[in-house]
Amino acid sequence: MATRFKPDETFRDDFRYGNSETAILRFPFPFGEDAYMYGVNMEPHTRPGSAGVFAVGFDVDEHYVAECAERAKVLALEPGRCLVLPHMREAEWDTLELIMESLAADYPDQFTLERDGLDWTWTNRPLGIHHTFRFGDATTLPHPPFEYIVRQAQGDFTLQDQRDGTLYIDGGVATVPADWSLAFDVGMTFHEWHGPVPLAHQAGVFDRALQYLMRVRYGHPARRLNWTMTINPRLDTSPENYPLWGPDRASLTAETIGDRLFLRVELQSFFRLPRSNALLFGIRTYLASLNELTRVPKWGRRLHRVMRDLHPDIAEYKGLTRYRELLVAYLAQFDDGAPTAPGITPDCAALSD
Amino acid sequence: MMDNHTLTLVVADAALIAPGLRRVHLRAADGARLPPAAPGAHITLSLPGADGARPLRNSYTLVSADPEHGYELIVRRADRSRGGSRHIHEALAPGDVIDATVPHNLFALHSQAKKHLLIGGGIGITPLLAFVARLRETGAPFELHQIASADEIGVFAALLAPRAGEQVHIHGGRTSLDLPALLAAQPLGTHVYTCGPAGLMDHVEAAAAGLGWPSSHVHREDFGAAGGEPFVLRLAASDIEIAVAGDQTMLEAIEAAGIDTPSLCRGGACGVCILPVRQGEPEHRDHFLSEAERAQGCHVMPCVSRSRSALLVLDI
Amino acid sequence: MTNRPRYAPLSPFAQARAHLLLCDGAAIPDDAFAPGHGLTDFPERWTVAGHALVMPQPFGAPSEQRFRSASHLLALLRHRLAAETMGLRIYAVGSEPFVWDVAKIAREAGMGREEMRLFACGAPERRVACVHCRTVNPGVTTTLVTCAGCGAVLTVRDHFSRVHNTWMGVQCDAEAPGEVPPVEDLCA
C-alpha cells in the first residue's frame, strides 16, 4: 500500500485540500443511475472481490493524517462531540478490537496489533502511536477505548444498542457530521433520529432498513452510500457550528462553484459487535469538488441529470436550494446528452483535464 | 476473523458431567483466536447425521466464549435425537474437527434492566450460566432460579457451584417454585429471561403477562420445537416434491433436495430463511412473523415451522 | 414525516396490575380520553393543585392525591416508582414538557415505552434547546425564539428528543443574516 499521506491539508480556514488522480478514481460516487430517490440501498460490505473503498472494513486514504488532525482539533474544542452512554462500555472495547484488527489486517505496513493475552500492543505508524495497554482496562489508555480508536480512523462512528425491537443511538463520535448533532440525538430510536429525512418514511425505507440492520451478523458487515453537498472542503458541518458555515451557502458564484462546491459522500458501514451485541455504524466521509468529479465524463453527465431532476424536498433537506439553480447551470456544460452506463464506476481508466 | 462465515473448530475436551450431559470444549482448529461472543449467543454445529450421510446442523448455546481459551457447550442427549446430540454423546472425541457458524445472539441481556431474573429448566441452564458470569462481572442485580428434576438436583448444584451465591436457587421440579409469587415480587424495571422446556417458558410468559408484565420485559430462548407429523412439500418454481419426515425440518428437507436457500439462526427468530407460501396451511412455530402475517398465511419460516395440511406448496 | 411526538387519547392498558394517572392541572379536557373512557378508569390519580397546603400520600393511598406543584409531583413519583413492583402502568396528561418529564422519571425507573401512555394537551408549549450554545429555552409558544443564552434567533426543527425533553433550535438566519421569517404561534 503506497499511499502518500498529505499531512498539510486543512479542512477549515485556508482549506488546503485536494484529491490525487487515484483518489478521484476511487471516489465512492453515489449515483448508480441518472436519477436519485431514497431506497433501501444496503448491501454486504467487504465482500470478496470488492475493490477500492469497498474492499476494506475501514478505508485509510491519502487524507488520513490530516483528517485525524482535524478531528482531534474538533474534539479539543468540543470534547462532547464524543459521547458514549455508560451501558455501552462493552461496545467500546468491541469497537477498539474491530478497528485495530481490521487496520492491522488491511494495512500491515502501517498498523500492527500484537496480543499477548490481555496485554495488547498497538502501533499506528502514520500517526506515530505506539501503546501497550491491557484490553478491558480503560485506565491503561489515554482516552476511553472508543474515543481512543475512533481518533485513529477516518470518519465518524455511532454505537447502537439493540433492544425492544429497534436500535437506540447510545453513543458515538460526531466530528465530521453532515448537519446532525450527536449530543441532541443521543438516546433516540432509529426512526426518531431519522425523523427529519423527507419522503423516505412514507416509502417504508426506514422500516425495512431497520429490519435489515437488526439482522446484521458478526463477520457480515453491510454498507450503503449517502450524500449531500458542502461548500469548501469543510468536514465539520455540525449544527452546533452552523452559524460559522451557513453563510458559505450564499457565497457561491458561477466562477467559484466548480472549485468550491464539494460532493460529500458518506460510506456508511454497519458492523455487529460480538461482546456487546451492539451495532457499530461507520460514517466515512469523502469530499470531491465538482471540478474533480467532472474529470470523469460519466460522472459529469450524471451529476447534471441528478441535480436537475432532484425532488425539491430532498434538495431542501440537503441544503441545496439556495444554490441549486447555479449548480445545475454549471453542470450543464458537462452533459452532452450521451447515455451513461449503469453503476457507479468511472467510465475511464485515467482522467482528462 | 471478520469475514469468516464458518469456523473450523477442534474438540479440545469432551467429558460426561452427568448421565446424559456432556461438556464440550472447542478451539479453533488452526490455533487462532476465536470471535468473542455475548452471553446468550449460540453457534450452529455441522454434525454427521444418524445415517452417516447428510450432516445435521444443531444450534447450541455458548456457556462460555473466550477468544483464546475457546468455546464451552453442555449438550444433553435428546430422547428422540435426530443424530446431533447422539453423535456428540457417542462419537465425539478430542481431536475431532467440526464446522460451526460464528456466534450469533438472539437472547441478549437487556441494557436497561434494573434487575435480571433468570429462570431455567433442565439443560436450559446453559445461556443462564453465561448470563450469571456476565452479571457477576458487572455487578448488576440478578436472581437465578433453576428447576431440575429430583434426580438431577445434584448435577445442577454442581454446575452452579462455581457461581453459587445467595442469588442462585435450585428447585426440585416445577411445582416447588411458586412462579406467580416470584414474578409478583419483582421490582419495577426487572427483565425475566427463561430457557428450558417449551412448557416452562410458556408458563413463565403466561404468568408474567397475567401479572401485568409487558412482553418487552420477558425474554426466552427457543430454537423451535423439533419434529412433528410428516408432510409433503412442493416447491412450485423448482417443480419438485419433497417428503418432510417427522424428525426433519422443512429447511433440512429443502437443503437435502439440493436446493440452496438462505438461512441463519435455524431457530425461527432471525427471519433470514422466510419463504412465500402458495398453498396449504403452515403450522407456525417461529417468533419472527407477526400475528397479522401469520393470519395472512403468505409466508413461513422453514427452519422451525411445519404444515397442518398434508401438502404445503412454496413459491421457490 | 417528522420526528414529532404523536399522542393518542388515553385508555387503560388491558393487562396490568395497577394504573397511575398523572396530571399537571385539575382540568383534563374530555378529548384526553379515548371514547368510552374517563378519569374513573384510572384507580389512582395524581394532580397538581398549585398551592402549598396540600399533603399528598405517595405510597399506597388510593384514588386522588394532590401535589403542591409539578416539581413536587415529579419528585414524589421518583420515590414511588423506586418502591414499585412490576405490572404498573403510568399515564400522563398535561403540557408536553410535563408529560415527557413524567416519561423520563419512568424510564429512569426501568419502565419501557410500552408501560406508559402520554397525552399532551392545552396551549402548545415547548422547551427549545439551542444547538449552538446548549441553553434550554422553556415555555416557547412561537415558531421562532430568541435564545436566552447566545441571542441567536432560533427556528425550531421538527426534531424532538424524548431523552432531553427538548426540541432542536437552530439559528434561522445563519445563511443570510437578517433574513428572518415571520413569527407565528405554534399550532396544536
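Please treat every number below as a calculation from the coordinates, not as lab data. These figures come from a predicted structure and were not determined experimentally. A quick note on method: Cβ atoms are made from the backbone with ideal geometry, for glycine too, and the neighbour counts reach across all protein chains shown.
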(request) Rounded to the nearest Å, what's the spacing between the alpha carbon centres of region A:158-216 and region C:1-34? Just the number, please. (result) 27
(message) Quick check: pseudo-label points 7 Å beyond the Cα along Cα→Cβ at B:A209 and B:A32, how many nm apart are they?
(response) 4.5
(request) Just the isolated ones, please: cysteines in chain C lacking another cysteine beta carbon under 4.7 angstrom. (result) C:C23, C:C121, C:C172, C:C187
(request) Mind giving me the nanometre distance, one decimal, between the label points for C:L53 and B:R278, set 7 Å out from Cα along Cα→Cβ? (result) 8.0
(message) Can you list residues from other chains, or at least 5 along the same chain, whose modelled amide H is less than 5 Å from the amide H of B:G280?
(response) B:V313
(request) Using Cα pairs closer than 8 Å and at least 6 residues apart in sequence, work out the relative contact order for region A:220-290, in percent. (result) 39
(request) Using only alpha carbon pairs under 8 Å that are at least six residues apart, calculate the relative contact order of region C:18-120 and give it in whole percent. (result) 30
(message) Sorting check: for B:37-49, A:255-267, A:119-131, which peptide has the highest mean count of neighbouring beta carbons within 10 Å, and how do the rest follow?
(response) B:37-49, A:255-267, A:119-131
(request) Among B:E229, A:E9, rank each residue by its count of other Cβ atoms within 10 Å, from fewest to most, as a rough exposure measure. (result) B:E229, A:E9
(request) Place the peptides A:32-42, A:292-302, B:141-151 in order of packing, highest mean first, counting for every residue the other Cβ atoms within 10 Å and averaging per peptide. (result) A:292-302, B:141-151, A:32-42
(message) Taking a ≥ b ≥ c as the square roots of the Cα gyration tensor eigenvalues, with a/c under 1.5 meaning rounded and otherwise prolate when a/b beats b/c, else oblate, which class fits region C:1-108?
(response) rounded
(request) Could you work out the mean count of beta carbons from other protein chains within 10 Å of each residue's beta carbon in C:78-87? (result) 5
(request) Give, rounded to the nearest 20 debye, the magnitude of the charge dipole that region B:55-208 has about its Cα centre when Lys and Arg contribute +1 at Cβ and Asp and Glu contribute -1 at Cβ. (result) 220
(message) Can you tell me how chain B classifies by the Cα gyration tensor, rounded, prolate or oblate, using a/c under 1.5 as the rounded cut?
(response) oblate
(message) Can you give the local net charge around A:P126? Use residues other than it whose beta-carbon is closer than 13 angstrom to its beta-carbon, Lys and Arg +1, Asp and Glu -1.
(response) 0
(request) Report the FRET efficiency, 1/(1 + (r/R0)^6), for C:R78 and C:A8, where r is their Cβ-Cβ distance and R0 is 30 Å, rounded to 0.05. (result) 0.70
(request) Excluding residues on the same chain fewer than 8 positions from A:K298, give the lysines whose Cα lies under 18 Å from its Cα. (result) none
(request) Just add up the charged neighbours of B:P36: K/R +1, D/E -1, any other residue whose Cβ is under 13 Å from the Cβ of B:P36. (result) -1
(request) Identify all aspartates and glutamates with a Cα-Cα distance to A:K73 below 17 Å; exclude those on the same chain that are fewer than 8 residues away in sequence. (result) A:D8, A:E9, A:D13, A:D14, A:E147, A:D156, A:D236, A:E240
(request) Can you tell me the 0 to 90 degree angle between the C-alpha axis of helix C:70-82 and the longest principal axis of chain C, rounded to 10? (result) 50
(request) Evaluate the relative contact order of region B:231-314 (contact order divided by residue number), counting alpha-carbon pairs under 8 angstrom at least 6 apart; express in whole percent. (result) 37
(request) Among A:E92, A:E62, A:E325, determine the one that fluctuates most according to a GNM of chain A built with springs between C-alpha atoms less than 10 Å apart. (result) A:E325
(message) Give me the inter-chain shielding for A:164-172: mean count of other chain Cβ atoms within 10 Å, whole number please.
(response) 2
(request) Sort B:205-213, C:6-14 for me by packing, meaning the mean count of neighbouring Cβ atoms within 10 Å per residue, highest on top. (result) B:205-213, C:6-14
(request) Between beta-carbons, use under 12 Å as the cut-off and find the net charge around A:T140, counting Lys and Arg +1, Asp and Glu -1. (result) -1
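What's the average, rounded to a whole number, of partner chain beta-carbon atoms within 10 Å of each residue's beta-carbon in C:100-110?
On the way: counts 0, 0, 0, 0, 0, 0, 2, 3, 3, 4, 11.
Shielding by partners across C:100-110 averages 2.
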(message) If each residue of separation counts as 0.36 nm, what is the full-extension length gain between B:A185 and B:A198 once their alpha-carbon separation is subtracted?
(response) 2.3 nm
